[in-house]
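One structure is given here, and the rest of the page talks about it.
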Amino acid sequence: MTQRWFSTFLGLASLFAFSLAALPSHAQSPVQPKAPMYTYVANWQIPRAHWSEVPATEAADKGIMDKAVADGTLMGYGDDEVLVHSADAETHDDWWSSSSMAGLLKVLAQLYASGNVSSPALDAATKHWDAIFVTRYYNVHPGSYKSAYSYISFYQLKSDAPVDAIDTLSQNIIAPILEKLFADGTLIEYEIDEDSIQTSPPGTFAIVSLCANADGVDKVNAAVQEAIKAQPLLIPAWNSVTKMAPHHDELLFSEGTYK
């Protein structure tokens, strides 16, 4: 969520003992963690000449994914097209989520057995990498969606941040704001992710907002700005536990299904 989340959440969270304790009495109630949701993300850097072939690749997986959602193996699945490109990053991704690592790996095995891991578009990819994330702070509206927008902001904690820093940020600051946007229909889904299989630097976390339409991106920004205005002590708090340099964002055009 590029500078939007960065400039606004720049102040969100913890001189923990001081800033959170100093929040006004009308601040939103903490959001409690849920049972974990795991997500497998397959990232692809595909040459532009092959972009038109990507939908056929995604369609080939749909039968496997729909069956896995129907029988409870998966909580959801989808795919994304990157809208703001960088030289060394992905252009497309596919993902699926489950309440267990076993669910993710069961579907991965089915994809390999089907032969769907090979296609003209995927074979043309110049780079490919995978990640597995876990979140305990999330919410979803069931059903299928198209033409949505995913805004993802990646951050990294400082080495001396408290061990519960991500939980404290999520419960007291990030998730309460996103829950309000989720409740009014601005968001289809949100999650606050950490690596389940460590492939990013330690302390990395991601804020994911799946907006129902393009207007949602501005509504998220406005909600965060409002929170900052109401709770100015959060600004130095975020700086006290997060690094500035590793921060980066992704804006994606998204479709998918949640159970």
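The values are calculated or read from the model by the stated rules, or taken from the named source; none is laboratory data. Every value quoted in this text rests on a predicted model; they were computed, and no experiment measured them. For neighbour counting, all protein chains shown are included, and Cβ atoms are generated from backbone atoms with ideal geometry for every residue, glycine included.
Structure above, values below:
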read-out	value
Of all residues in the stretch 163-201 being in a loop (DSSP other than H, G, I, E, B) and in contact (Cβ under 8 Å) with a residue 24 or more places away in the chain, the one that is nearest to K34 (Cα to Cα)	S196
Search result, residues across the stretch 1-60 that are part of a loop (DSSP other than H, G, I, E, B), at pLDDT 90 or above and more than 23 Å from the chain's Cα centre (by Cα)	P47
Meets criteria (modelled with pLDDT under 95, more than 14 Å from the chain's Cα centre (by Cα) and not charged (D, E, K, R)) for S159	yes
Counted residues, the stretch 67-119 - those being closer than 19 Å to Y38 by Cβ and of a type in the set (D, E)	5
Scan of the stretch 169-184 for residues that are surrounded by fewer than 20 Cβ atoms within 10 Å (Cβ to Cβ) and out of contact with any strand residue (DSSP E or B) (no Cβ under 8 Å at 6 or more places or on another chain), ordered by number	P176, K180, A183, D184
Sole exception among (1) surrounded by fewer than 21 Cβ atoms within 10 Å (Cβ to Cβ); (2) under 13 Å from the mean Cα position of the chain (by Cα) for C211, by number	(1)
Count of residues meeting criterion [of a type in the set (F, W, Y) and surrounded by fewer than 22 Cβ atoms within 10 Å (Cβ to Cβ)] in the stretch 96-114	1
Evaluation of S170 against (1) under 16 Å from the mean Cα position of the chain (by Cα); (2) farther than 23 Å from Q231 by Cβ (one fails), failing number	(2)
The stretch 113-142, residues that are modelled with pLDDT of 95 or more, over 22 Å from S98 (Cα atoms) and either among the polar types (S, T, N, Q) or in the same structural domain as I173 (by TED's automatic domain parsing) (or both)	T126
Lone unmet requirement of (1) surrounded by 19 or more Cβ atoms within 10 Å (Cβ to Cβ); (2) at pLDDT below 95 for E90	(2)
